[in-house]
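Okay, so here's the structure we're looking at.
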Amino acid sequence: MLTKRDFYINGAWIAPAKPRDYQVINPSNEEPCAVISLGDQSDTDRAVAAAKAALPAWRATPPAERARLVAAILDQYEARKQEFAEVIAMEMGAPIDFALEEQAPCLPWHTTNFLRAFEHIEWIRPLGDRAPGAAIALEPIGVVGLITPWNWPVNQIALKAIPAMLAGCTCVLKPSEEAPLDAMMFAEFCHAAGIPAGVFNLVNGDGAGVGSQLSSHPDVEMISFTGSTRAGRAISKTAAETLKRVTLELGGKGANLLFADARPDAVRWSVARMMENTGQSCNAPSRLLVERPVYDRVVAEAAELANAISVGPADQPGPHIGPVVNKRQWDQIQAYIRKGIEEGARLVAGGPDLPEGFNRGFYVKPTVFADVKPGMTIEREEIFGPVMAIIPFDSEEEAVAIANDTPYGLTNYVQTEDQSRANRLGRALVSGMVEMNGKSRGAGVFFGGVKQSGRAREGGIWGLEEFLEPKAISGYDFSAG
């Protein structure tokens, strides 16, 4: 078992002020795989103080030099990416092939896209001919607190820490206590890359402890949080006392509108995307809305596909899905499956309890419900597991009404070969993102939602601007240098 009790503060690994051990559980076998320490107020204060002290020099560092140092993190990743993926697989249950191909590569993908976008930032520019002498400068917001989840752990670290440092901010990261090991490796990457002491700091802890301490800290100017809508509300309330900027990337209940003219592989794509990462993605297409003429065929095909998905330990290679992250998550998913049955949805694949052949590990059967009615619990609430709800519709207007009747608004999906219809739906669906016909968002496009999915815009130029503040300057003479 790994021992990782220290925190990364001011360029060094230091012991917690007060030891408070926490066991990280391997969800594949329910055995402890590491012990960390949860921080307290004094640890948070030390990390924030280090970030505050490092801020003047880092914000004054030329942008090209900041970019060079951040780019050097990728060299560390390349040297250790196999180990990095293995850690992710162990701590949160992503199968090793998926961790290598999808989870771990989030770091170079986002970093490369941020570096490209960074080249196009105008740090100071004239407002225009109509306002001679007026200038707009972009400046780092200051010390930022970063709170990241366990489901796509390095993805969210990359979407927060990389743009924060590029923008000239200094930061304190609190990763999820369920999946802290990849974050500690990221701190090692930063150290080896030469990121100056105090620019990046890491304190492990839980939401009620270090998370709340960062959210309320008077020297933290911004909180960037990814997690549940419930926790996002709590952070917003706490941060309001010090008038911080708060950016939230929260839950989702994505609708996937499948029309009779969808491409032949649309159902296969829809099931695979839903079950990816064992359904533990906020942008999962968990509500499959199907046009009535093809409804029965789609239900049968979805059930067959879900039943064919294998489940297995994260350390084994192959295309299977792994366990969910912990017992609490497993219990919650089981309760939703039973609720779907109680409320009259038709179970066509999977179901409650452990899959056959397993008596340990937090494994969930890939589950599909048909004949789900709008308003059922499994249609309204985010399950965060491999559970799909299939709902019939008779018209485009009805599909849009069902899709938009949700408190969430992260990602919606459209499956149709009628491009005019696709365009209409792209505008009519109320969400931060709409993906058409299996095409993913392009490099440099932001990730973010509306309504109770939060309104963060992470990625590309938008993700950099979240950590910058515009300053209006009058009487500025650009010819003076």
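The values are calculated or read from the model by the stated rules, or taken from the named source; none is laboratory data. Please read these numbers as outputs of a predicted model, since none were measured by experiment. Positions of Cβ are generated from backbone atoms using ideal geometry, with glycine treated the same way; all protein chains shown enter the neighbour counts.
Structural remarks
- So Met222, is it in contact with a helix residue (DSSP H, G or I) (Cβ under 8 Å, 6 or more places away or on another chain) and under 29 Å from Glu119 (Cβ atoms): no
- Of all residues in the range 202-234, those that are of a type in the set (Val, Ile, Thr), in contact with a strand residue (DSSP E or B) (Cβ under 7 Å, 6 or more places away or on another chain) and under 19 Å from Leu159 (Cα atoms) total 4.
- Check on Ile341, touching a Leu at 6+ places or on another chain (Cβ under 8 Å) and either among the acidic types (Asp, Glu) or in contact (Cβ under 8 Å) with a residue 40 or more places away in the chain (or both): no
- Scanning the range 352-390 for residues being at positive phi, small (Gly, Ala, Ser) and under 27 Å from the mean Cα position of the chain (by Cα) gives a total of 2.
- Just one of (1) touching a strand residue (DSSP E or B) at 6+ places or on another chain (Cβ under 9 Å); (2) surrounded by fewer than 18 Cβ atoms within 10 Å (Cβ to Cβ); (3) on the phi > 0 side of the Ramachandran plot fails for Gly128. It is (1).
- Flag if Phe384 is of a type in the set (Phe, Trp, Tyr), in contact with a helix residue (DSSP H, G or I) (Cβ under 8 Å, 6 or more places away or on another chain) and under 29 Å from Lys327 (Cβ atoms): yes
- Any hit, the range 168-177, residues being within 24 Å of Pro323 (Cβ to Cβ) and either assigned to a helix (DSSP H, G or I) or in contact with a Lys or Arg (Cβ under 6 Å, 6 or more places away or on another chain) (or both): no
- Filtering the range 92-101 to residues that are part of a helix (DSSP H, G or I) and surrounded by 18 or more Cβ atoms within 10 Å (Cβ to Cβ) leaves Met92, Ile96, Phe98, Ala99, Leu100.
- Yes/no for Ala197 being more than 20 Å from the chain's Cα centre (by Cα), within 25 Å of Ala72 (Cα to Cα), in a loop (DSSP other than H, G, I, E, B) and assigned by TED's automatic domain parsing to the domain that holds Ala53: yes
- With a requirement of 3 or more residues that are touching a Gly at 6+ places or on another chain (Cβ under 9 Å) and within 24 Å of Leu410 (Cα to Cα), the helices (runs of 4 or more DSSP H) lying completely within the range 259-359 that satisfy it span 266-275, 327-342.
- Single residue of the range 200-212 satisfying the filter (in a helix (DSSP H, G or I) and small (Gly, Ala, Ser)) that is surrounded by the fewest Cβ atoms within 10 Å (Cβ to Cβ): Ala208
For every residue, the table says whether it meets (1) touching a strand residue (DSSP E or B) at 6+ places or on another chain (Cβ under 8 Å); (2) at pLDDT below 95; (3) buried (at least 17 other Cβ atoms within 10 Å of the Cβ).
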position	(1), (2), (3)
Ala349	yes, no, yes
Pro352	no, no, no
Gly361	no, no, yes
Asp371	yes, no, no
Met376	yes, no, yes
Val387	yes, no, yes
Pro392	yes, no, yes
Ser395	no, no, no
Ala399	yes, no, yes
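- Where strands (runs of 3 or more DSSP E) fall entirely within the range 371-481, those with at least 3 residues that are in the same structural domain as Ala131 (by TED's automatic domain parsing) are at 468-473.
- The residues listed here are Ser236, Ser215; of these, the one that is under 24 Å from Leu146 (Cα atoms), outside any loop (DSSP other than H, G, I, E, B), without any contact (Cβ under 8 Å) to a residue 24 or more places away in the chain and in the same structural domain as Ala72 (by TED's automatic domain parsing) is Ser236.
- All conditions in (1) crowded, with 19+ Cβ neighbours inside 10 Å; (2) over 28 Å from Met436 (Cβ atoms) hold for Ala266, with the sole exception of (2).
- Against the criterion of being more than 25 Å from the chain's Cα centre (by Cα), at pLDDT 95 or above and under 30 Å from Met90 (Cβ atoms), Ile14 qualifies.
- Sub-7 Å Cβ pairs linking a first residue in the range 67-94 that is assigned by TED's automatic domain parsing to the domain that holds Ala158 and in contact (Cβ under 8 Å) with a residue 24 or more places away in the chain to a second residue that is of a type in the set (Ser, Thr, Tyr) and assigned to a loop (DSSP other than H, G, I, E, B), at least 6 apart or interchain, are Gly93/Ser28, ordered by first then second residue.
- A count restricted to the range 12-60 and to residues that are surrounded by fewer than 14 Cβ atoms within 10 Å (Cβ to Cβ) and either under 16 Å from Cys171 (Cα atoms) or in contact with a Cys (Cβ under 6 Å, 6 or more places away or on another chain) (or both) stands at 4.
- The range 221-233, residues that are part of a helix (DSSP H, G or I) and in contact (Cβ under 8 Å) with a residue 40 or more places away in the chain: Thr229, Gly232
- The range 278-303: number of residues that are free of Cβ contacts under 8 Å to residues at least 12 places away in the same chain and either of a type in the set (Asp, Glu) or within 30 Å of Asn26 (Cβ to Cβ) (or both): 1
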